[in-house]
1. So A:Ala59 ticks every box in (1) surrounded by 15 or more Cβ atoms within 10 Å (Cβ to Cβ); (2) touching a residue at least 60 places away in the same chain (Cβ under 8 Å); (3) more than 10 Å from chain B (Cβ to nearest Cβ) but one. Which box is left unticked?
2. With within 14 Å of chain B (Cβ to nearest Cβ), crowded, with 16+ Cβ neighbours inside 10 Å and not acidic (Asp, Glu) as the only criterion, which of A:Arg109, A:Arg99 stands out?
3. Please list, ordered by first then second residue, the pairs with beta carbon atoms under 8 Å, 6 or more apart or interchain, first in segment B:314-335 and touching a residue at least 24 places away in the same chain (Cβ under 8 Å) and β-branched (Val, Ile, Thr), second surrounded by fewer than 21 Cβ atoms within 10 Å (Cβ to Cβ) and not in a strand (DSSP E or B).
4. If you go through segment B:319-363, how many residues are away from every other protein chain (no Cβ under 14 Å) and not in a strand (DSSP E or B)?
5. Pairs under 6 Å by beta carbon, first residue within 14 Å of another protein chain (Cβ to nearest Cβ) in segment A:30-45, partner near ligand 2 (Cβ under 10 Å from one of its atoms), six or more apart or different chains?
6. Across segment A:185-215, which residue is nearest to ligand 2 (Cβ to nearest atom) among those that are in a helix (DSSP H, G or I) and either in contact with a Leu (Cβ under 6 Å, 6 or more places away or on another chain) or farther than 17 Å from A:Met33 by Cα (or both)?
7. Does A:Gly52 qualify as being more than 15 Å from A:Ala5 (Cα to Cα), touching a residue at least 12 places away in the same chain (Cβ under 8 Å) and either within 11 Å of ligand 2 (Cβ to nearest atom) or not in a helix (DSSP H, G or I) (or both)?
8. Within segment B:15-48, which residues are assigned to a loop (DSSP other than H, G, I, E, B), surrounded by fewer than 16 Cβ atoms within 10 Å (Cβ to Cβ) and either modelled with pLDDT of 90 or more or of a type outside the set (Gly, Ala, Ser) (or both)?
Amino acid sequence: MLHIANLRASIAGKTILNGLDLDIAAGEVHAIMGPNGAGKSTLANVLAGRDGYVVSGEATFEGVDLLALAPEDRAAVGVFLAFQHPVEIPGVGNMYFLRSAVNVVRAKRGLPEIGAMDFLGVAKEHMARLEMDPAFLSRSVNAGFSGGEKKRNEILQMSMLEPRLAILDETDSGLDIDALRIVAQGIERLRSPDRSMLIITHHPRLLDDVRPDYVHVLSGGRIVRSGDHHLAAELEANGYTSTLAAVPA
Amino acid sequence: MKAADGSVMDYPSTKEEAWRYTPVDEIVSRLAAAATMPATGTSVSRQVVDALAGDHGGPRLVFVNGVYDADLSDHDNVPAGLWCGLADLSHGRAAANVALAGIDWAVDGFLARNHADGHDSAVVVVDPGVRIDVPVHVVHVSAPDNTGERADSATISHPRTIIDVGSGSRIALIQTYCGLDGRAVTNASTTIRVGRHAEVDHCRVQTESTAATHIGHTRIEQEEGSRLRMISVTIGGDIARNAIDVHLHGPDAQTELVGVNVTTGRQRHDTVVTVDHAASRCASTQRFTGVIDDHGRGSFSGEIIVRPGTVATDAHQSNRNLVLSPNAEADTRPWLQILADDVRCTHGATVGRLDDDALFYLRSRGIPLDEARTMLIGAFIRDVTDAIPHPSLRTHVAAIIAASNGMVATDPERMR
Ligand SMILES: Nc1ncnc2c1ncn2[C@@H]1O[C@H](COP(=O)(O)OP(=O)(O)O)[C@@H](O)[C@H]1O
Ligand SMILES: [Mg+2]
């Protein structure tokens, strides 16, 4: 489904991704762990189409060359990035934003537009499951939201946009235990045979709730080790440095 | 140019602070070359006025090329205590208010010409102690002659509006300067007297053609305890100047001026504001916003004067600009003359671009680039558009802003 080969990315003359390979099949959940500054967010941004990187190599999704598409067109083919730092956009209403996004993506998939009332009903159902107050719909996008509220808003968007490839960049960071459980359940609910997920995290705790099929370690701009969920526990116990040192180059 | 009292009055020079950014010579030569259209035979219908200015539910006075048009106007059944009409009608109150125009003196050659050459003046009078719930709409339509014998020259008009709001009264006013395509020169003046403890909500919307020249001067006189809120929207014109002069004569008066210019192509939009605190305990706010694209140029000069001997003055000013293209330019210039000690005064100006992070965030959710830009521009000027108290005018202005900026039309009622 997602095929990444020899992906390189640099910014401001600095190489960050340095020949990264990764394949994710339909329905698989992959976790990426790695030290701060390893390039995890860069990978997420490059896949979602953020400007500013010099990119080479290959990244295709169901055979479609992602790197050739504008960010909005990647969203239309089903790519979704839950941002590590969701952006505050004062003056743009959350409801308006969400409904615009849902309807644009639906139109590109050949589905009819959702009217305001139907949309509100569906949004409220999703919000109830995420224990979000519906009042968040009438506020500006992420403006003045707490860290945890922003992350829930990302999961809300993901739930409503129903992506085919969900990339979650440290969605669990900065959450308290209850919020972590709600967010993990939100992610787990979206797990399905035709949806792939790439979960970037520092915390094995999330991976207890959303058990990945594979765990990868990103370091120095490439994937240096892969395993199953036991690798997450090993990293937790020993740290990146000694875990990686234990592996012959 | 001669003033009403016969004295000669020159056009201003760009050496004067208030005219620094205005291409005065160019305007003067356009003024000189423009011709007056005959009072009859324009193609402006009710549908045209509705489309250009909107129908906002209250009485409407319509002027075409500076000439009152009775067929297009509706002000027969106005609420008690309100009078609107022409200064030259033989109506007692209107006559009294031409006398009031004594406060409406010409301060420069443009105003002197407006007073000398204007055809019809709109007058709105509110008796003391009256609250008018529907907005009074004064519409000026420029209808240039694009095919007839005057097609070679721009069409000139000198609209003049005099508004007198009695003590303790309350009224909402809408002034629209709009026009059909083609070259026109509009040299407009408006005087508003806000009586003791009166309240005025004033929207001024300028959406003339992009080939038009607009020189606008609004003079506001506020008496004790009065409140005025003005929302000014400048979209049209090739060269457009919007001057607002507020004089706070009585203590405890409050003024809130909010404005936006949406400038694109090769447009030049010049906003020049003066708030003169001549009495104690007055509060004024200037909040102006510019969205400038392509080769457009927007300028804001905001003056605050606090007279000696006044106390407890509150005066604030801000100018925020969103510059959307590398060739667009925003100039901003605060100009403070604080001649008293007991003053709380703030001012600030910003010039910025669209937030790339916000743009990427919206696009990553599938929203196309042009729509994402529209959302962010809409958000930037929301402070101004939300301040428009009439929903129909809010929608009308949003649609014109969207069209003028090549943006995707969005209904502001949906965006909140
Ligand atoms: N705009 C930028 N300019 C220069 N360096 C950057 C920029 N963005 C990220 N980096 C650098 O790239 C490296 C990888 O960053 P990032 O992908 O955010 O790491 P991670 O998410 O794994 O913590 C870091 O060293 C970071 O400082
Ligand atoms: Mg990161």
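The values are calculated or read from the model by the stated rules, or taken from the named source; none is laboratory data. None of the values given here were measured: they were computed from a predicted structure. With ideal geometry, Cβ positions are generated from the backbone for all residues, glycine too; neighbour counts draw on all protein chains shown.
1. (2)
2. A:Arg99
3. Matching pairs, first to second residue: B:Val323/B:Arg353.
4. Going through segment B:319-363 one residue at a time, the tally reaches 9.
5. Hits for this filter: A:Ser41/A:Gln84; A:Ser41/A:Asp169; A:Ala44/A:Asp169.
6. The extreme case among them is A:Ile187.
7. So A:Gly52 passes the test.
8. B:Lys15, B:Glu16, B:Pro38, B:Thr40, B:Ser45
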